[in-house]
Amino acid sequence: MTGRTEILDLADGTRIRVPVSDGAGLALWSSVGEYPVYNALVYDVMTADKVRNRAYRQELAVVAAGRRVLDIGTGQHLNWALHAARCGARSVTAIEEIPDSHAAAGALLARLPERERIDLVCGRSTELALEDRFDVCVSEIIGTIGGSEGAAAVLADARDRFLVEGGTMIPHRCVTMVAGTGLRQIMPRPAFDPRGLDYLRQIFDTVGHPFDVRVGLGSPVPDAPLTNAGPVETLDFATSPRPEGTESVELTVTRPGHLDGLLLWIQLYVGPDGPPIDSLFQSTSWLPIYLPVFDDPVAVTRGERLVVEVHRALSDDGIHPDYTVHVTLGDRHRTVTSTHHGPDFRASAFHAELLTPA
Ligand SMILES: C[S@@+](CC[C@H](N)C(=O)[O-])C[C@H]1O[C@@H](n2cnc3c(N)ncnc32)[C@H](O)[C@@H]1O
């Protein structure tokens, strides 16, 4: 492995050598939202995400006044619960499943006047029995692939058990888009941002072993696609999101290049009317995901067809989906996976380059 590297020392004694960027240009981050590795920095990044927060606050300002609001996954800062209360919600119940985050939220709330109107509960929404039903359910458990944090299973359950008939779900829907890309063209030596290594180590320790994590590109990459884009996961929270399903799309190469994988990113409609938040074009806390497909990049020319079929099925935790992706480019067919917690480890040349047993 050439260039700078670091060693991750895992709790099970495994040591993994990873390439690390020199701090300049594009770098990789593991996708963190699917795992209970949230810390103060992660919550600070979300609380500072102006694009995301503006959209949520606008929507709450439209629907919260006089309503009973449920905030699922309120985090350390109770962002939506506080805003709903300040918009005149009749009552607010805020749920957080990570005990440390719940405790930090409790300490914050104790200092604020909104404590009179916000009921803070510790637990996972799918495992809680709440006495009330709510007019509005607000949450931000949207992944870098829209459903990867378990939004479909969690919010389908919340609709069924907690929402009144005709109640409002925020966000309204999320569409995950896909396009073909050539990562090697924009990042000849894939390497992690050193600031993200501790999250990577914690993800492996939480899962119990290293595996082929999802990796995001550290900034929006609007010029990265070599094809047009299309939807491969559509979650409609306003009706009922389906935790499992298959969607496929036929794409066309729009410029010549060397295609080695797929870019996946979200278009999040926080309210029913657009425009959506688009993580390929806007700087937000959601990173575009790179999924390796071809170990050897394939030369493509304008007009060639790329067919992508994405199948999502719940992993054995019943919340987080695993994705199986079938790709056809000319006479080449590949099936790749992007799972929540393995077992694939170094299954692609890309992941073998990123994660080397030391
Ligand atoms: C992406 S953060 C969002 C935090 C905050 N709502 C915000 O938007 O700034 C997601 C939070 O939801 C929590 N969470 C995820 N699924 C949950 C569930 N089913 N029940 C309760 N908390 C959940 C996570 O622990 C995390 O704190």
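The values are calculated or read from the model by the stated rules, or taken from the named source; none is laboratory data. Being a predicted model, the structure only gives us computed values, none of them experimental. Neighbour counts run over all protein chains shown; Cβ positions are idealised from the backbone, glycine included.
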The residue that is surrounded by the fewest Cβ atoms within 10 Å (Cβ to Cβ), considering only those in the range 26-38 that are more than 8 Å from the ligand (Cβ to nearest atom) and not β-branched (Val, Ile, Thr), is LEU26
Name the single residue, out of those in the range 245-278 being within 28 Å of GLY303 (Cα to Cα) and charged (D, E, K, R), that is surrounded by the most Cβ atoms within 10 Å (Cβ to Cβ).
-> ASP260
Taking the stated definitions as given, is PRO241 in contact (Cβ under 8 Å) with a residue 12 or more places away in the chain, more than 18 Å from the chain's Cα centre (by Cα) and buried (at least 21 other Cβ atoms within 10 Å of the Cβ)?
-> no
Test set (1) closer than 14 Å to ARG189 by Cβ; (2) surrounded by 16 or more Cβ atoms within 10 Å (Cβ to Cβ) - GLY3 fails condition number | (2)
What pairs can you find where one residue is in the range 316-334 and within 22 Å of SER348 (Cα to Cα), the other is assigned to a strand (DSSP E or B) and of a type in the set (Ser, Thr, Tyr), and their Cβ atoms are less than 6 Å apart, with a gap of 6+ or different chains?
-> TYR323/SER338; THR324/THR337; HIS326/THR335
What do you reckon, is ALA313 more than 16 Å from the ligand (Cβ to nearest atom), part of a strand (DSSP E or B), small (Gly, Ala, Ser) and in contact with an Asp or Glu (Cβ under 9 Å, 6 or more places away or on another chain)?
-> yes
If you take the residues in the range 121-144 that are more than 14 Å from the ligand (Cβ to nearest atom) and in a loop (DSSP other than H, G, I, E, B), which one is surrounded by the fewest Cβ atoms within 10 Å (Cβ to Cβ)?
-> GLU131
Does the range 172-190 contain at least one residue that is at pLDDT 95 or above, over 19 Å from LEU291 (Cβ atoms), touching a strand residue (DSSP E or B) at 6+ places or on another chain (Cβ under 8 Å) and within 16 Å of the ligand (Cβ to nearest atom)?
-> yes
Which fully enclosed strands (runs of 3 or more DSSP E) of the range 212-291 have 2 or more residues being modelled with pLDDT of 95 or more, closer than 22 Å to THR328 by Cα and hydroxyl-bearing (Ser, Thr, Tyr)?
-> 245-252
Give the range 76-120 a look and list any residue that's within 13 Å of the ligand (Cβ to nearest atom) and surrounded by fewer than 17 Cβ atoms within 10 Å (Cβ to Cβ), or say none.
-> PRO99, ASP100, ALA103, LEU108
Determine whether PHE204 is within 19 Å of GLY342 (Cα to Cα) and assigned to a loop (DSSP other than H, G, I, E, B).
-> no
Of those in the range 39-60 that are within 10 Å of the ligand (Cβ to nearest atom) and closer than 22 Å to ARG90 by Cα, the residue surrounded by the fewest Cβ atoms within 10 Å (Cβ to Cβ) is ASN53
